[in-house]
Amino acid sequence: MIERLLDIYSEEIPAFLYEIADSPQMQRLKGIGMNCGCEYTSFPLFSALEPYSRFMHSVGVGAIVWNFTRDPKQAIAGLLHDVASPAFAHVIDFMKGDYLVQESTEERTASIIASSVSICEVLAMLGISIGQVSDYHLYPIADNDSPRLSADRLEYTMGNILNYKYGTLDDVSRYYGNLTVAENEEGEQELCFRNGDIAEEFALKALDCGKVYVCDADRYSMQYLAQIVKSAIGRGTVTEDMLYEIEKKVIVALTSDDAGRKDWESFRSLCKTERCEEGKAYPVYRIDAKKRFIDPYVAGRGRTSVLSAKFKEAVTAFREYSFDYPVAGCSDCV
């Protein structure tokens with residue numbers, strides 16, 4: 001189902017995007033999931049998810065940017081924005097203590113692009129420099145400050161609306177068909193909705209996805225896996241450079257000694273969480289979260305949070321929710 005999103009995003013995708021997508025550096029992303037390792041656990045919320053890779057997401061972002069801008073450098077920047085994602089993606093932000101910002105995983109973007117002969121050949125053919133495509137934050141259609149709508153946020157929200165069954169392919173097609181590029185309240189270009197009711201519907205669905213991203217099962221899984229990876233690096237069975245392989249290879253390294261195998265089996269067995277001060281077999285964490293939501297702009301009218309009392313109330317409650325409580329994992333799901 002998720003793979004069908006590409007047909008919605010753009011009627012045609014230029015050859016140069018496909019050529020870059022075929023590079024080894026981009027193909028690696030087929031082995032990096034969008035769910036940050038949660039799909040390897042036994043939580044019911046994640047166990048039935050459709051495969052959704054960073055590659056699928058990246059190609060989708062590139063297609064969205066191309067559809068709305070027809071600018072090669074912006075579309076390529078969108079396509080390449082996750083090229084430096086390590087195995088388990090934002091789990092590594094948790095490991096580095098960057099989980100509230102989640103930008104440490106972008107550190108290698110320029111160097112990875114520069115190391116690719118095939119990507120550099122395409123850029124040279126188009127007369128585009130590495131600096132023009134290594135930072136998608138330069139282009140507000142590709143990325144902008146949260147909670148505005150950008151191609152990046154739009155794509156993973158569309159994918160997750162389908163994956164968590166918060167909507168259908170017809171729903172996401174209807175949302176996408178209502179979008180246009182317009183000036184927001186600060187005179188900057190942004191992906192905006194034409195219709196306020198559709199913007200409200202999309203914003204509420206995006207908020208449902210945001211609640212998944214910060215639920216106890218998600219936060220605990222990522223923190224626990226971060227500790228497993230950190231321990232493996234400490235023992236020398238995994239190196240930071242290994243994290244830039246596909247996840248299957250990292251898992252082989254993680255499980256190459258007795259301690260790692262035990263840790264991985266424990267992680268795989270996670271199936272529920274408990275809010276308690278003392279865990280049984282699992283550690284207890286207090287885990288803050290990056291609260292993701294989207295407050296779309298309706299062209300010529302304003303932000304959805306201003307236009308919709310329903311959305312404003314929902315997003316206010318979400319923003320005010322505190323994660324200052326202990327959480328322990330559990331594998332006893334009888």
Only one of (1) surrounded by fewer than 17 Cβ atoms within 10 Å (Cβ to Cβ); (2) among the small types (Gly, Ala, Ser); (3) touching a Leu at 6+ places or on another chain (Cβ under 6 Å) is not met by residue 31, so which one is it? (3)
Could you list, in sequence order, all residues of region 82-98 that are over 11 Å from the mean Cα position of the chain (by Cα) and under 11 Å from residue 58 (Cα atoms)? 83
Quick check: is even one residue across region 302-322 at positive phi and surrounded by 12 or more Cβ atoms within 10 Å (Cβ to Cβ)? yes
Quick check on region 104-127: of everything there that is among the small types (Gly, Ala, Ser) and part of a helix (DSSP H, G or I), which residue is nearest to the chain's Cα centre (by Cα)? 104
Filter pass, residue 292 being closer than 30 Å to residue 175 by Cα, surrounded by 15 or more Cβ atoms within 10 Å (Cβ to Cβ) and among the charged types (D, E, K, R): yes
When region 239-250 is examined, which residues are found to be surrounded by fewer than 18 Cβ atoms within 10 Å (Cβ to Cβ) and either under 26 Å from residue 279 (Cβ atoms) or of a type in the set (A, V, I, L, M, F, W, C) (or both)? 246
Scan region 314-334 for residues that are of a type in the set (A, V, I, L, M) and either without any contact (Cβ under 8 Å) to a residue 12 or more places away in the chain or part of a loop (DSSP other than H, G, I, E, B) (or both) and jot them down. 317, 334
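Here's the yes/no breakdown for (1) touching a helix residue (DSSP H, G or I) at 6+ places or on another chain (Cβ under 6 Å); (2) closer than 30 Å to residue 322 by Cβ:
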residue: 166; (1), (2): yes, yes
residue: 174; (1), (2): no, no
residue: 180; (1), (2): no, no
residue: 190; (1), (2): no, no
residue: 202; (1), (2): yes, yes
residue: 210; (1), (2): no, yes
residue: 228; (1), (2): yes, yes
residue: 239; (1), (2): no, no
Suppose we filter region 239-253 for residues that are under 15 Å from residue 53 (Cα atoms) and in a helix (DSSP H, G or I); how many remain? 3
Residues 221, 266, 305: which one is in a helix (DSSP H, G or I), of a type in the set (Ser, Thr, Tyr), touching a Gly at 6+ places or on another chain (Cβ under 8 Å) and at pLDDT 95 or above? 221
For region 224-238, the count of residues that are surrounded by fewer than 20 Cβ atoms within 10 Å (Cβ to Cβ) and either part of a helix (DSSP H, G or I) or within 16 Å of the chain's Cα centre (by Cα) (or both) equals 6
It is to be established whether one or more residues within region 55-70 are of a type in the set (Gly, Ala, Ser), surrounded by fewer than 17 Cβ atoms within 10 Å (Cβ to Cβ) and without any contact (Cβ under 8 Å) to a residue 40 or more places away in the chain. no
Collect the residues in region 128-154 that are of a type in the set (Lys, Arg) and either more than 15 Å from the chain's Cα centre (by Cα) or in a loop (DSSP other than H, G, I, E, B) (or both), keeping them in residue-number order. 148
Residue 85 free of Cβ contacts under 8 Å to residues at least 24 places away in the same chain and under 21 Å from residue 226 (Cβ atoms): no
Step by step: first the residues of region 12-54, then only those that are in contact (Cβ under 8 Å) with a residue 60 or more places away in the chain, under 17 Å from residue 251 (Cα atoms) and not in a loop (DSSP other than H, G, I, E, B), then the one that is nearest to the chain's Cα centre (by Cα). Which residue is that? 33
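The values are calculated or read from the model by the stated rules, or taken from the named source; none is laboratory data. All values reported here derive from a predicted model rather than from experimental measurement. A quick note on method: Cβ atoms are made from the backbone with ideal geometry, for glycine too, and the neighbour counts reach across all protein chains shown.
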